[in-house]
Ligand SMILES: C[S@@+](CC[C@H](N)C(=O)[O-])C[C@H]1O[C@@H](n2cnc3c(N)ncnc32)[C@H](O)[C@@H]1O
């Protein structure tokens, strides 16, 4: 099986179950020259369903790009909900803002431009209500730092998801020198050692190749 076989399955699933096959957001991202590193439509729907299952009203996202995953999450939180999303590149944030407004969910999304590690302490200083779900999908080297921040900004029962941790199977290689693989192993080891988190990784294949989501549940154990 190859990525093109997996992409064909994704297409079938989009047509039969997921919808969003001709997403205006993905089209606008391509037109603006953004890299095609958004979650896939089946993955976006999966995030939406997880957020709905958790009855999430407050979502924190790290890594907006053009707002594709943000749109799924914003739909899940509903009219009364809020998504706070961090994006380093102002050009990406501008495309995301237009996409979110066109999708009719812009009013519930707060895009904060800049390095997430600079913006996270600012957000924490505002003493926000705990977030119900955190989706981490930005610079992979900081994944462990983002999970540490997510722990401060959530509550028992919240969910933390980290995208792209499997890296074509690279995480199984303890000797890998690839920075993103090392970052994946670091975040997995952090979660394994952290008593307030219980987690697993779901490997995925699809149009984006072989990768996987890390899913962690915040518990109240100290
Ligand atoms: C994989 S893309 C996000 C895709 C998006 N979550 C989606 O699925 O539609 C990663 C994004 O993180 C942004 N990014 C990279 N480093 C960052 C940082 N230090 N702080 C905030 N955003 C960052 C990149 O500019 C890029 O737009």
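Every number in this text was worked out from the coordinates using simple rules, so none of it is lab data. Note that the structure is a prediction, hence the values are computed from the model and not measured. Quick reminder, even Gly has a Cβ in these numbers, built from the backbone with ideal geometry, and neighbours come from all protein chains shown.
Brief remarks on what is shown
- Placing R0 at 30 angstrom, the Cβ-Cβ distance between residue 198 and residue 168 gives a FRET efficiency of 0.70 after rounding to 0.05.
- Cβ crowding within 10 Å, taken as a proxy for footprinting-reagent exposure, orders 210, 72 from fewest neighbours to most as 210, 72.
- In terms of surrounding Cβ atoms within a 10 Å radius of their Cβ, 108, 55 rank from fewest to most as 55, 108.
- Under the simplified labelling scheme, the residue 52-residue 141 pair shows an inter-label distance of 3.9 nm, with each label point 7 Å from Cα along Cα→Cβ.
- Nearest-0.05 FRET efficiency for residue 117 and residue 1, computed from C-beta distance (R0 41 Å): 0.60
- Counting only DSSP beta bridges with both residues in region 85-222, the antiparallel share comes to about 65 percent.
- Whole-percent pair-distance distribution, where bins are 5 Å wide, for the alpha carbons of region 171-222: 5, 18, 23, 23, 16, 10, 4, 1, 0
- Extended-chain gain in nm, criterion 0.36 nm per residue less alpha-carbon gap, residue 36 and residue 219: 62.4 nm
- Equivalent-ellipsoid semi-axes of region 74-153, from the Cα gyration tensor, Å, largest first: 21, 16, 11
- Contact order relative to length of the chain, as percent, for alpha carbon pairs under 8 angstrom and 6 or more apart: 18 percent
- Debye log10 I(q)/I(0) for the chain, one point scatterer per Cα, at q = 0.12, 0.14, 0.18 Å⁻¹: -0.61, -0.86, -1.46
- Length-normalised contact order of region 167-222 in % [C-alpha pairs under 8 Å, at least 6 apart]: 32 percent
- Against the empirical curve 2.2 N^0.38 Å, the C-alpha radius of gyration of region 1-107 lands at a ratio of 1.06.
- Spin-label model, residue 22/residue 176: points 7 Å from Cα along the beta carbon direction are separated by 3.8 nm.
- Among 189, 87, 126, the largest mean-square fluctuation in a Gaussian network model of the chain, built with springs joining Cα atoms closer than 10 Å, belongs to 126.
- Each Cα pair under 8 Å and six or more residues apart adds its separation to the average, and for region 25-110 the resulting relative contact order is 31 percent.
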